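Contents: one structure, followed by commentary.
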Amino acid sequence: MYSDMNSSGAFPKQAGAVLIVGLIMVLLMTIIGLAAIRGSGMQELMAGNMRDRNLAFQAAEAGLRAGERVVHPSVVTLPAFDGTAGLHPDLNVPGEIPPARWAASDWIIAGNSVVTTGLAPQSSSQPRYAIEKIEVSAVEAAGADGSGIDIGSLDSFTAPEVFRINSRGVGGTTDADVVLQSFYKR
């Protein structure tokens, strides 16, 4: 019969190396588990931010489309571009990037922009748009269209109406804010 006891009847001395190795393995597994939890939490935050920005982009895009409907060729008589109701005359300042004038606080001033309704139900606020009528001369328009710019062709050429439409959309939270701009020619 086999026994772990030595001849004096006591167990032999054990060094406990297996216990130390086991504790180190548990510690390593705990560190790996905590890192995985932290990484998945960060990915969840990033996905939420991306969703919020996507909502803001879609809201701004819906605002652009609403603004384009105001100046669509099917609209026979355009409203006055006098700086009220989100309709502005040419605000072009040489050397300035146009969206820079539209700071977040400027969008909420009465008359600067038009608030759309029902276009972005998941956004924290509805998209807004503002339209600027850009003054284009017949010579600039003819040259840009590839037409001839001699005297004879300018007599029969009518300059198109050009509009700059600025739109601001907000996501599910107010942290996501997207401003889009399009040019519309009719």
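The values are calculated or read from the model by the stated rules, or taken from the named source; none is laboratory data. These numbers come from a predicted model, not from an experiment. Neighbour counts are summed over all protein chains in view; Cβ atoms, including those assigned to glycine, are modelled from backbone coordinates with ideal geometry.
So the values come out like this:
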{"read-out": "Qualifying residue in segment 72-90 (condition: assigned to a strand (DSSP E or B), in contact (Cβ under 8 Å) with a residue 24 or more places away in the chain, of a type outside the set (Gly, Ala, Ser) and in contact with a strand residue (DSSP E or B) (Cβ under 8 Å, 6 or more places away or on another chain))", "value": "yes"}
{"read-out": "Qualifying residue in segment 99-114 (condition: at pLDDT 70 or above, assigned to a loop (DSSP other than H, G, I, E, B) and either in contact with a Pro (Cβ under 8 Å, 6 or more places away or on another chain) or not small (Gly, Ala, Ser) (or both))", "value": "yes"}
